[in-house]
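Note sheet for the following structure.
The values are calculated or read from the model by the stated rules, or taken from the named source; none is laboratory data. Predicted model only: the values in this text are computed from it and were never measured. For neighbour counting, all protein chains shown are included, and Cβ atoms are generated from backbone atoms with ideal geometry for every residue, glycine included. Remember, those area values only see protein heavy atoms, side chains included, never the ligands or the DNA or RNA. Shrake-Rupley method; radii C 1.70, N 1.55, O 1.52, S 1.80 Å.
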Amino acid sequence: MSADDQALTRRGTVLEERGPGPVRVALPVNGTEHAVEIEPRVSLLDALREHLQLTGAKKGCDQGTCGACTVWVDGRRVLSCLTLAVACEGREVTTIEGLAEDGALHGMQQAFIAEDAFQCGYCTPGQIMSAVALLEEGRTGDEEIKEGMSGNLCRCAAYPNIRAAVRSVRDRA
Amino acid sequence: MRPITYSRATDPQSAVATVSADPTSDYLAGGTTEIDLLRQYVLQPRRLVDINALPLAGIESTPEGGLRIGATTRMSDAAAAPEVRERFPMLSEALEKGASPQLRHMASLGGNLLQRVRCSYFRDPLAPCNKREPDSGCSALTGHSRDHAVLGTSEHCIAAHPSDAAVALTALDASVHTLGPGGERTYPLDDFFLLPGDSPHREHPMAHGELITAVEVPPTPVARRSLYLKVRDRASYEFALVSVAAALSVVDGRIADIRVALGGAATKPWRARRVEDFLVGEVAERRAFAQAAQVELAEARPTPMNAFKVELAQRALVRALGTLAEGTGLEDGSPA
Ligand SMILES: Cc1cc2nc3c(=O)[nH]c(=O)nc-3n(C[C@H](O)[C@H](O)[C@H](O)COP(=O)(O)OP(=O)(O)OC[C@H]3O[C@@H](n4cnc5c(N)ncnc54)[C@H](O)[C@@H]3O)c2cc1C
Ligand code: FES
Ligand code: FES
């Protein structure tokens, strides 16, 4: 930061402006620090899919209504389509690609397979990221699972099996 | 989506100085309204000033026994806070019944109050809409109006106010604290939300660049027995067709204190003062609730498509108050 820039960020003065052209953004994803050159308008979802080739998170609606783009930021499930990538600097992003450990699928991923919790699979990465977070939030009652998964729509209507998968992971805990 | 520039604010004064000096800038909190509408070309800021790093998150008890909830407190954190759940159940429930878990982790309380209407014509930059583009006309008057308001409408706009939390906060006489170029200000919530009248593009009295710093809820003992009833087209993840925030205290079978506000049915979070005035001192029974609800809705101006909301709002009022009255056993109004 130049001396001029520092003056601009003093209390009560006008802030430094980044963009609208590409800016360098440091994005910690799944434990690795990535540097991407993106315009500030780029969503976290597009940064993951188009710039980091992490295509697990899906674009269903791009307006916050479907949950297919669910990832974690600082451990909390959020919608990456309504999050700006530049706003995630200094925060830890976790995607479905970061869930398996040492090549072994996460218990929730295994449960989705065991319970046949998808058909086309488009909503599945979002469902799984939401489901793992849900149990970590301590919402473990059957009704809480139902309500707590309501932010993830499934066009194939695999809902009963999705709920069964979540319950099976809860019951194993 | 149009190109934008980005600044991360580190102290409130700089955020206010920056946005106040630049009419083409907007604050960015959770972004669940701002980014959505930017992408639809409904909002067209050139610059976003990110306020998430400001020290505005958190909930404190006030010396009087109320709460001060910081503007960037997330909906999920406010809903789960023990002091909100115990002292103001209607607020916790209203927050918890809004949007989805992911959105509630992102959305801030300040942003929630300033979220924009869900009217499909407002969200379509090609449709005439007085709120988005003054004097262009209101497409909903002759178009699709099933989700629109029946109370507080004007011939210029009938969009329903979408926030759930604001309905509970209105019932609770909350106030909004702001910081502007001229210093700090406080607005009672009922004065903060403006009726559309002939200027539906003006939704609140704040100047451009004025920053919401906190929402203050005064101590309200009656609110310990309160609820938020939300009626919607699907069981979850949906805006209200009609909602009711209600608190009731019954002493010796008669209503000693009552707070009621309506959502989904009005152009602003609607304090149901007629219900309150009608019912104070009355016997807490269904017939009285129904009469009071009828008085409140007497001035409703529905369209053919949303006429059902007039009846639905009355039934929701009766259900909410009936549920609270049952809990009191009709003789003792002390908090459970
Ligand atoms: C699919 C979907 C479903 C939803 N369902 C519901 C629902 O059922 N009930 C409900 O109540 N809401 C619902 N919402 C709306 C949601 O609650 C709001 O979008 C959210 O609360 C806005 O908060 P935010 O922090 O994301 O605001 P932002 O999007 O960041 O900001 C909103 C506006 O307020 C301004 N702003 C933000 N913070 C401040 C501040 N501190 N001072 C001054 N200006 C500020 C911004 O410039 C912007 O114009 C839904 C949203 C979506 C996308
Ligand atoms: S793509 Fe983000 S919610 Fe649908
Ligand atoms: S499995 Fe096809 S959308 Fe869910």
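Give me a single rounded figure for A:35-41: the average over its residues of other chain Cβ atoms within 10 Å of their Cβ. Could you put the intermediate results ahead of the total?
Working: counts 0, 0, 0, 0, 5, 8, 10.
Mean number of neighbouring Cβ atoms from other chains: 3.
Which of rounded, prolate, oblate describes the stretch B:45-120, given a ≥ b ≥ c as roots of the alpha-carbon gyration tensor eigenvalues and a/c under 1.5 marking rounded, otherwise prolate only if a/b is larger than b/c? All intermediate terms of the calculation are to be shown ahead of the outcome.
Details: a/c = 2.15, a/b = 1.36, b/c = 1.58.
Note, shape of the stretch B:45-120 comes out oblate.
How big is the A-B contact in terms of buried accessible area, both chains counted, 1.4 Å probe, rounded to the nearest 100 Å²?
Numbers: alone 9730 and 14760 Å², together 21070 Å².
Roughly 3400 Å² of accessible surface disappears when A and B pair.
Cα centroid distance between the stretch A:30-101 and the stretch B:128-158, in Å?
First find each Cα centre; the distance between them is then 36 Å.
Tell me which residues come under 5 Å, amide H to amide H, from A:LEU27 once H is placed; ignore anything under 5 positions away on its chain.
Excluding prolines and chain starts, which carry no amide H, the hits are A:HIS34, A:ALA35, A:VAL36.
Just checking the output field for A:59-68: average partner chain Cβ neighbours within 10 Å of each residue's Cβ?
Working: counts 0, 0, 1, 5, 7, 12, 5, 2, 5, 0.
That average works out to 4.
Take B:SER139, A:SER43 and sort them by solvent-accessible surface of the protein heavy atoms, 1.4 Å probe, largest at the top.
Values: B:SER139 25, A:SER43 0 Å².
Solvent-accessible surface, decreasing: B:SER139, A:SER43.
Using a probe radius of 1.4 Å on heavy atoms only, what accessible surface per residue do you get for the protein assembly as shown? Whole Å² is fine.
Numbers: 21070 Å² over 509 residues.
Accessible area per residue, the protein assembly as shown: 41 Å².
Going by accessible area, probe 1.4 Å, with all protein chains left in place, what is the ranking of B:TYR187, B:TYR121, A:TYR122, largest first? Kindly include the intermediate steps, with their values, before the conclusion.
Details: B:TYR187 15, B:TYR121 45, A:TYR122 100 Å².
Greatest to least solvent exposure: A:TYR122, B:TYR121, B:TYR187.
Is the C-alpha gyration tensor of the stretch B:114-252 telling us rounded, prolate or oblate? Criteria: a/c under 1.5 is rounded; beyond that, a/b larger than b/c is prolate, otherwise oblate. All intermediate terms of the calculation are to be shown ahead of the outcome.
Working: a/c = 2.32, a/b = 1.25, b/c = 1.86.
It is oblate, given that a/c is not under 1.5 and a/b is not larger than b/c.
How are the C-alpha pair distances of the stretch A:31-99 spread across 5 Å bins, as whole percents from the shortest bin up?
Bins of 5 Å from zero give 4, 19, 32, 30, 13, 2 percent of pairs.
If I model chain B as equal point scatterers sitting on the Cα atoms and use the Debye formula, what is log10 I(q)/I(0) at q = 0.11, 0.12, 0.13 Å⁻¹?
Debye curve over Cα of chain B, log10 I(q)/I(0) at q = 0.11, 0.12, 0.13 Å⁻¹: -0.70, -0.83, -0.97.
For the stretch A:114-129, what does the Karplus curve 6.51 cos²θ - 1.76 cosθ + 1.60, with θ = phi - 60°, yield as ³J(HN,Hα) per residue in whole Hz, taken in order and with x for Gly and Pro?
4, 8, 6, 8, 7, 10, 6, x, 5, 8, 4, x, x, 4, 5, 5
Hey, what angle do you get for helix B:12-21 against the long axis of chain B, alpha-carbon based, 0 to 90 degrees rounded to 10?
Once rounded, the angle reads 70 degrees.
Starting from 0.36 nm per residue, how many nanometres of slack lie between A:GLU50 and A:ALA35 once their C-alpha separation is accounted for?
Working: separation 15, 0.36 × 15 = 5.40 nm, distance 1.34 nm.
Going from the current span to full extension adds 4.1 nm.
Per residue of chain B, what 222 nm ellipticity follows from adding -39500 (n - 2.57) for every DSSP H run with n ≥ 4, rounded to the nearest 500?
Numbers: 12 runs with 98 residues, N = 336.
Using -39500 (n - 2.57) per qualifying helix, the result is -8000 deg cm²/dmol.
Sorting B:HIS156, B:HIS201, B:HIS148 by accessible area (1.4 Å probe), largest first, what list results?
Numbers: B:HIS156 65, B:HIS201 85, B:HIS148 10 Å².
The most accessible residue leads, giving B:HIS201, B:HIS156, B:HIS148.
How about B:LYS230: which aspartates and glutamates have a C-alpha closer than 16 Å to its C-alpha, ignoring those fewer than 8 places off in the same chain?
Candidates past the 8-residue exclusion: A:GLU147, B:GLU93, B:GLU96, B:ASP147, B:ASP164, B:GLU238, B:GLU311.
Whose amide H sits under 5 Å from the amide H of B:THR213, counting only residues 5 or more places off or on another chain, with H placed in the peptide plane?
It is B:HIS177, B:THR178, B:LEU179, by chain and number.
On a 0 to 90 degree scale, rounded to 10, what angle separates helix B:308-327 from the longest Cα axis of chain B?
60 degrees
In whole Å, largest first, what are the principal axis extents of the Cα atoms in the protein assembly as shown?
66, 57, 51
Which cross-chain or sequence-distant (5 or more) residues have an amide H under 5 Å from the amide H of B:PHE193, H modelled 1.01 Å from N in plane?
HN-HN under 5 Å from B:PHE193: empty list.
Roughly how many debye, to the nearest 20, is the charge dipole of the protein assembly as shown about its Cα centre, given +1 on each Lys and Arg Cβ, -1 on each Asp and Glu Cβ, and no other charges?
In debye, rounded to 20, the protein assembly as shown gives about 940.
Counting helices only, and only those DSSP H runs with n ≥ 4, report the 222 nm mean residue ellipticity of chain A as the sum of -39,500 (n - 2.57) divided by its residues, in deg cm²/dmol to the nearest 500.
Details: 5 runs with 48 residues, N = 173.
When only DSSP H runs of four or more count, the value is -8000 deg cm²/dmol.
Could you give each residue of the stretch B:214-231 its phi-based ³J(HN,Hα) in whole Hz, using Karplus coefficients 6.51, -1.76, 1.60 with θ = phi - 60°, and x for Gly or Pro?
6, 10, 10, 10, x, x, 9, x, 4, 6, 5, 10, 8, 8, 10, 9, 10, 9
Quick check: the angle from helix B:286-297's long axis to the longest principal axis of chain B, C-alpha only, nearest 10 degrees?
So the helix axis and the longest Cα principal axis differ by about 30 degrees.
Given a 1.4 angstrom probe, I'd like the percentage of the accessible area of the protein assembly as shown that is carbon and sulfur, rounded to a whole number. Working shown, then result.
On the way: 10450 of 21070 Å².
Here it works out to 50 percent.
In the structure shown, do any of A:LYS146/B:LYS268; A:LYS58/B:LYS268; A:LYS59/A:LYS146 have a Cα-Cα gap over 27 Å, and if so which? Please list the in-between numbers first.
Working: A:LYS146/B:LYS268 31 Å; A:LYS58/B:LYS268 36 Å; A:LYS59/A:LYS146 23 Å.
Where the Cα-Cα span goes over 27 Å, the pairs concerned are A:LYS146/B:LYS268; A:LYS58/B:LYS268.
Cα centroids of the stretch B:182-245 and the stretch B:90-106: how far apart, whole angstrom?
14 Å
Using a 10 Å cut-off on Cβ to Cβ distances, tally the other chain neighbours for every residue of A:146-154 and report the average as a whole number. List each step's numbers first, then the result.
On the way: counts 2, 7, 3, 4, 8, 9, 4, 2, 0.
Average per residue, whole number: 4.
Restricting things to Cα coordinates, could you compute the convex hull volume per residue of the stretch B:226-325 in Å³?
Values: hull volume 8.8 nm³, N = 100.
Given the Cα convex hull of the stretch B:226-325, per-residue volume reads 88 Å³.
HN-Hα J couplings of the stretch B:109-118 from phi, Karplus 6.51/-1.76/1.60, θ = phi - 60°, integer Hz, Gly and Pro as x?
5, x, x, 4, 5, 9, 4, 9, 5, 9
I'd like the accessible area for B:ASP252: 1.4 Å probe, protein heavy atoms, all chains in place, Å² to the nearest 10.
130 Å²
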